[in-house]
Amino acid sequence: MQLILVRHARPVDAAVPSGRADPSLSEEGSEQAVRLGAALSWIGVDAVYASPLRRALETAAPTAAACELEVTVDHGLVELDSELNRYAPDDQHDIRSALAEAYFRGDWRGISSESPEQFVDRVCSCLDGIVQRHRGRTVAVFTHGGVISAWVAGVVGAERFPIPWFLCDYGAMNRFATQGCDRTRILSLNEFPLPNLAQKTV
């Protein structure tokens with residue numbers, strides 16, 4: 001099957017006094033989501049999955065509408081830091097730098113209740129389940145940068161996670177021909193829809 005992992009489009013900054021920060025897409029992110037919907041409807045997908053977080057669901061919506069599919073929400077697709085009360089886009093270094101330092105150090109205390117090994121196992125198990133349910137099909141999965149990195153780590157057999165050489169950009173597609181994490185060929189990484197594709201397909 002073809003598995004297409006899509007990092008959610010660009011969200012806004014969000015902070016709450018307690019609980020989970022769950023931001024919506026920014027204006028730029030909404031435009032990215034529309035382009036993804038046009039590209040994925042052109043490719044042709046048979047099922048759409050998404051993380052339960054708002055930024056992933058909002059990114060998935062144009063694709064689901066264009067392909068006349070329902071979005072299947074899977075909690076196994078949530079990001080490693082999804083319980084934090086603050087979210088900031090990647091380029092807001094004052095907020096993201098501390099998270100990035102802990103992430104690449106592999107010491108996630110205060111960021112996640114999972115260890116790096118548990119996170120990779122959870123992601124690969126979740127995605128392997130999707131693969132098994134949709135053999136011979138094309139499936140788009142809208143999720144998060146860490147989740148995509150964890151799958152890539154499993155695919156390439158990395159000895160440790162995180163692997164610092166790959167972080168998917170907002171609104172990018174990553175395509176795999178796969179029969180499961182240990183039987184996967186990478187087709188593309190960080191692939192963006194053409195900016196004018198949405199206009200051409202309206």
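The values are calculated or read from the model by the stated rules, or taken from the named source; none is laboratory data. Because the structure is a prediction, the values reported are computed rather than measured. Methodologically, a virtual Cβ is constructed for each residue, glycine included, from the backbone with ideal geometry; neighbour enumeration extends over all protein chains shown.
Here are the numbers for this structure:
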| read-out | value |
| --- | --- |
| Restricting segment 42-57 to residues that are small (G, A, S) and under 15 Å from R175 (Cα atoms), the residue that is surrounded by the most Cβ atoms within 10 Å (Cβ to Cβ) | A47 |
| Top-ranked residue in segment 1-20 [being closer than 17 Å to V78 by Cβ and surrounded by fewer than 19 Cβ atoms within 10 Å (Cβ to Cβ); ranked as modelled with the lowest pLDDT] | G19 |
| Selected residue (only one of T138, T201 is of a type in the set (V, I, T) and at pLDDT 90 or above) | T138 |
| Which listed residue, of D91, D107, is surrounded by fewer than 21 Cβ atoms within 10 Å (Cβ to Cβ), over 16 Å from the mean Cα position of the chain (by Cα) and more than 23 Å from N190 (Cβ to Cβ) | D107 |
| Positions within segment 16-72 being outside any helix (DSSP H, G or I) and under 19 Å from F176 (Cβ atoms), in sequence order | G44, V45, D46, A47, V48, Y49, A50, S51, T72 |
| D169 vs. criteria modelled with pLDDT under 95 and within 19 Å of H134 (Cα to Cα) | no |
